[in-house]
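J.: Sharing a structure below in structure tokens format, with a few things to ask.
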Amino acid sequence: VGSLLAQHGSTSRAFLPIQLRSSDASGRAKSLEPSLASSWLSLPSTSTALFGSSETPQSTLNQSKSTIEILDLPDLGTQVTLVGTAHLSKASNEEVQRTIESTRPDVVMIELDPTRLPRIGYETASDVGLPVVTSKELGVRIPGDTADEEDAPWFKSLLPQNVAKNLLLDGFATIARKLLTGMYDDMSSDLNNSEGPGGEFVAAIDASKSVGTVQRIVLGDRESIKTIRRAAQLVMEDPSTSPGEALNALGRANQEEISKLEHRLQMERPDLDPVERKPEWSEAVIEEVKADSQFRERLFQRLEREVPAFIEAFLHERDVVMASAIHSQAMDDSVKSVVAVVGLAHVAGIRKNLENEF
């Protein structure tokens, strides 16, 4: 979902959601490679001061609102708590922990897939310490999955044009993921975040084990490389644009909008030099994006107009997948409470799907 804050000027790196690596106090490797949509556009606002108690601008506090939404599904007798997060926000990690400890849910769904578990320190699902199920195992239809093409004649995939198309899509997805990984590594270095990206998912798993009520962890997201491939596929199928034009539009929209936000932030925080205090500045930009709902709404509307294929693949389709995973759990008579830990950008879409589509 337009998860890049394109590189602009010398004050900030591209906020592309790729793989970040770090280690915790025990030396356990921690990294996350979210799909394109799950970086800064998956950011939460917080209920605490963004830049410190006495220094927080009042305008920012007025824009800030809780990232937690509670949804009752009366027909199923289940309550769903949606926790919007940022993969690089320590406040998000703490909020996830508090929510699970206070809610004591039966099921916790996190915005991950099995391929990303190793990037937060779990080599396999068995290392998590609780039963783990995936959206695919739950029977959720995954847009862009090969299962969607099973109804097509077997020989169709062997046609030269389709072979070439699939090779191109696979190559693009692989290269894009590697490029994004490098850019995310740079961002992690700038932030000096010892907890690393995906810390909220580690917090969710740890809290789930500690409360003793969680029956299972649901990995509710589509595989990241499939999301990238799906975006490329949708762009290629759009006769009104080309992949190059779509990428340029995506980068331009992000660059222009984030530049406006940074300019405002510099006016509000003249003490925070973007060069001399780069980690603090980068964190402040993230927290400002989290707090400013008008900024996010404006950017989403622009991306919907200019790069609809990216929005469809990175946001809307994944909203459906994760909402379907949540709904499958709510249908279990033994499940009365579900906590879903997802990027802030997904909260509204998941709620809409749960309310209107099931």
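The values are calculated or read from the model by the stated rules, or taken from the named source; none is laboratory data. Everything quoted here is computed from the prediction, not taken from an experiment. FYI the Cβ positions are ideal-geometry reconstructions off the backbone, even for glycines, and counts take in every protein chain you see. Note: areas computed on protein heavy atoms with side chains; ligands, DNA, RNA excluded. Shrake-Rupley method; radii C 1.70, N 1.55, O 1.52, S 1.80 Å.
J.: If you average the alpha carbon positions of region 120-143 and of region 313-358, how far apart do those two centres end up, in angstrom?
T.: Cα centroid to Cα centroid, the span is 16 Å.
J.: Just how much of residue 240 is accessible, in Å², when a 1.4 Å probe is used and the result is rounded to the nearest 10?
T.: Solvent-accessible area, nearest 10 Å²: 100 Å².
J.: Let's test the formula: R0 of 45 Å, r as the Cβ-Cβ distance of residue 164 and residue 125. What FRET efficiency results, to the nearest 0.05?
T.: Rounded to the nearest 0.05, the efficiency is 0.80.
J.: Please report the accessible area of residue 306 (heavy atoms, 1.4 Å probe, ligands and nucleic acids excluded) in Å², nearest 10.
T.: Residue 306 has an accessible surface of roughly 70 Å² with all protein chains in place.
J.: Can you list which of the trypsin sites (Lys or Arg not before Pro) found in region 190-280 are DSSP loop residues with at most 15 other C-beta atoms within 10 Å?
T.: Those that pass, being in a loop and sparsely packed, are 277.
J.: Whenever you get a sec, line up 263, 316 from highest to lowest accessible area (probe 1.4 Å, protein heavy atoms).
T.: Heavy-atom accessible area, descending, gives 263, 316.
J.: For residue 275 and residue 94 in the same chain, what is the full-extension length gain: residue separation times 0.36 nm, less their Cα-Cα distance, in nm?
T.: Computed gain between residue 275 and residue 94 is 62.3 nm.
J.: Could you sort 310, 300 by accessible area so the largest value comes first, with the probe set to 1.4 Å?
T.: 300, 310
J.: While we're on this one: So how do 314, 358 rank on accessible area, 1.4 Å probe, biggest first, that is with the largest at the start?
T.: Result, largest first: 358, 314.
J.: What are the ³J(HN,Hα) values, in whole Hz, obtained from phi via the Karplus relation 6.51 cos²θ - 1.76 cosθ + 1.60 with θ = phi - 60°, for each residue of region 274-287 in sequence order, with x given for Gly and Pro?
T.: So the J values, rounded to whole Hz, are x, 9, 6, 10, 4, x, 5, 5, 4, 5, 5, 4, 4, 5.
J.: When the chain is fully extended, how far beyond the present Cα-Cα distance does residue 266 get from residue 238, taking 0.36 nm per residue of separation?
T.: 6.2 nm
J.: Per-residue accessible area for residue 217 at 1.4 Å probe radius, Å² rounded to 10?
T.: 0 Å²
J.: Over 32 Å between Cα atoms, which of 90/136; 90/260; 90/352; 260/336; 136/260 qualify?
T.: In this structure, 260/336; 136/260 exceed 32 Å between Cα atoms.
J.: Pop a pseudo-label 7 angstrom from the Cα along the beta-carbon direction at both residue 336 and residue 72 and give the gap in nm to one decimal.
T.: 1.4 nm
J.: Starting from the Cα-Cα distance between residue 259 and residue 358, subtract it from 0.36 nm times their residue separation and give me the gain in nm to one decimal.
T.: Taking residue 259 through residue 358 to full extension adds about 31.7 nm, to one decimal.
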